[in-house]
Amino acid sequence: MAATPSLAACLQSVRAVVFDTDGVITDSARVHAAAWQVAFDAALAAAGGQRPFDPVDDYLRHVDGRTREDGAAAFLASRGIRLPLGDPSDAPGPDTVWAIAARKEELFTSALRTHGIDALPGTVRLLHVLRSHGVPCAAVSASRHATELLSTADVLGLFLAVVDGKEARRLHLPGKPDPALFLEAARRLGPPPEDTAVVEDALAGVEAGRRGGFGLVVGVDRTADRIAAAGLRRSGADVVVSDPGELLATGGS
């Protein structure tokens, strides 16, 4: 008989799991990063030709896991660039924080419509095993596109709850590293945070999981040569894996 997958030891006592969406459930982090690269490089050129946005290091350090406006502001501040905040109605461009965020949104939406998004196989395997063990799961994202992404990737039905950017705005929830998004997801699942795991690839998200008092915080480092692992641990990850599928153990025969 074929080996039967089961949950790794660190998940054995967990009663619920909250997953980040981009880069953990779906292969969308690379699309977000590419869109930010184009939007930021225009702003950097306008500010005097600074070195280009790094879609790995800069994305992970300053943008990943945050709302668009918070991510844009954080990256610009890291380069010493001070732009007016502007207004959510600003047209896409390089002149205000909101205009840069709007340009990124324009680029990401175009890429999503043109190419679509896939679910990541290791995470899908883990989700199915969690379901077989009766462990409810939620998806969380600062992005307003999260529910659409999950539906497009055909995994929406694997989640009991989704707390995305639209829900965050409706409920006035602050973005990561504040734990509000994760805490709302845990509330909808039922078990308390101390009995719930968070699976997250962003430094801000890992910090949010730790600040929220979650019983297990799993960092996901998909970078080449595991360059993000140390940062994830410093931010509070109990365990760091290169793919959530590593949280499955093989037993039986």
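Since every read-out is calculated from the coordinates, none of them should be taken as a lab result. Note that this is a predicted model, so its numbers are computed, not measured. A quick note on method: Cβ atoms are made from the backbone with ideal geometry, for glycine too, and the neighbour counts reach across all protein chains shown.
By the scheme Lys and Arg +1, Asp and Glu -1, what is the net charge of all other residues having a beta-carbon under 15 Å from that of residue 195?
My count for the surroundings of residue 195 gives +1.
About the Cα centre of the chain, how large is the charge dipole given +1 on each Lys and Arg Cβ and -1 on each Asp and Glu Cβ? Please answer in debye to the nearest 20. Show your work: numbers first, answer last.
Details: 26 positive and 32 negative charges, 61 e Å.
Approximately 300 debye in magnitude.
For a protection proxy built on the mean count of beta-carbon atoms within 10 angstrom, sort 215-224, 21-30 highest first, please. Walk me through the numbers before you get to the answer.
Numbers: 215-224: 21.2, 21-30: 24.6.
Peptide ranking by packing, descending: 21-30, 215-224.
Towards the positive end of the charge dipole of the chain, with charges on Cβ (+1 Lys, Arg; -1 Asp, Glu), say which of 109, 219, 16 has the farthest Cα.
Farthest towards the positive pole: 16.
Taking the beta-carbon count within 10 Å as an exposure proxy, list 85, 203 from fewest neighbours to most.
85, 203
Return the calculated 222 nm mean residue ellipticity for the chain, to the nearest 500 deg cm²/dmol, obtained by summing -39500 (n - 2.57) across DSSP H runs with n ≥ 4 and dividing by the residue count.
Computed mean residue ellipticity for the chain: -12000 deg cm²/dmol.
In whole Å and largest first, what semi-axes does the C-alpha gyration tensor of the chain yield when each eigenvalue is scaled by 5 and square-rooted?
They are 32, 18, 17 Å, listed from largest to smallest.
Over what distance in Å are the Cα centres of segment 21-55 and segment 207-224 separated?
Measuring centre to centre over Cα atoms gives 23 Å.
How big is the charge dipole of segment 1-110 about its Cα centre, in debye rounded to the nearest 20, if each Lys and Arg gets +1 on its Cβ and each Asp and Glu gets -1 on its Cβ?
240 debye
For segment 148-253, what is the per residue volume of the convex hull drawn over the alpha-carbon atoms, in cubic angstrom?
Working: hull volume 14.7 nm³, N = 106.
Spelled out: Cα convex hull of segment 148-253, divided by residues, is 139 Å³.
Treat segment 30-115 as a sphere of radius equal to its Kirkwood radius over Cα pairs and apply Stokes-Einstein at 37 °C in a medium of 0.692 mPa s; give the translational diffusion coefficient in µm²/s, rounded to a whole number.
So the translational diffusion coefficient is about 263 µm²/s.
Using modelled backbone amide H atoms (1.01 Å from N, in-plane), which distant-in-sequence or interchain residues come within less than 5 Å of residue 143's amide H?
Amide H neighbours of residue 143, under 5 Å, 5+ apart: 165.
Provide the packing ranking of 94-102, 113-121, i.e. peptides ordered by the mean count of other C-beta atoms within 10 Å per residue, highest first.
Per-residue mean Cβ counts within 10 Å order the peptides as 94-102, 113-121.
When only C-alpha pairs under 8 Å and at least 6 residues apart count, what is the relative contact order of segment 30-115, in percent?
Here the relative contact order equals 30 percent.
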